[in-house]
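**Student:** Once you've had a glance at the structure underneath, I'll fire off some questions.
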Amino acid sequence: IVHFACHWVSDINPSDSHLVLLTLDGNEAGKLTARDISSIAAKSAQLAYLSAYSSAQNPSSKLADEVIHLASAFQPAGFSHTLANLWETDD
């Protein structure tokens, strides 16, 4: 079970959308892209909860009929359930 309470950045290429994570020293922000997430092999994964607004949104109008977004990247990684937001939320 993972819980990401962070910001995310939407990209016109949904595979390049990413969570913004602080590095271990807390001085820089790292990226965890949808592409990176989908390539993980989490064998006993169950639930991913994304507290980042609009993390289940696809910004590309050309791919509007595709289910390619940050939240959907957790399915090929082995997570059976993902909770994410379709719209902005207040902090």
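Throughout, read-outs are computed from the coordinates displayed, never taken from laboratory work. Just so we're clear, the structure is a prediction, and the values are computed from it rather than from any experiment. Cβ placement follows ideal geometry from the backbone for every residue including glycine, while neighbour counts extend to all protein chains displayed.
**Student:** What does the charge count near K31 come to, summing +1 for each Lys or Arg and -1 for each Asp or Glu among other residues with Cβ under 14 Å from its Cβ?
**Tutor:** Overall, the nearby charge balance is -3.
**Student:** Additional query: ³J(HN,Hα) across the range 70-85 via Karplus (A = 6.51, B = -1.76, C = 1.60, θ = phi - 60°), whole Hz, x for Gly/Pro?
**Tutor:** Rounded to whole hertz, the list is 4, 5, 5, 5, 6, 5, x, 6, x, 7, 7, 9, 9, 10, 8, 9.
**Student:** Now for a different question. Collect residues whose amide H, placed 1.01 Å from N in the peptide plane, falls under 5 Å from the amide H of H7; neighbours closer than 5 in sequence don't count.
**Tutor:** V20
**Student:** Could you derive backbone 3J(HN,Hα) for the range 27-36 from the dihedral phi with the Karplus parameters 6.51, -1.76 and 1.60 (θ = phi - 60°), listing whole Hz in sequence and x where the residue is Gly or Pro?
**Tutor:** Each residue of the range 27-36 in turn: 9, 10, 9, x, 10, 10, 7, 4, 4, 5 Hz.
**Student:** Could you list which residues have their amide H under 5 Å from that of L83, counting only those 5 or more apart in sequence or on another chain, with H placed in the peptide plane?
**Tutor:** A48, Y49, L50
**Student:** A further question on this structure: Given labels modelled 7 Å from the Cα in the Cβ direction, how far is it in nm from D36 to S80?
**Tutor:** Between D36 and S80, the simple spin-label model gives 2.7 nm.
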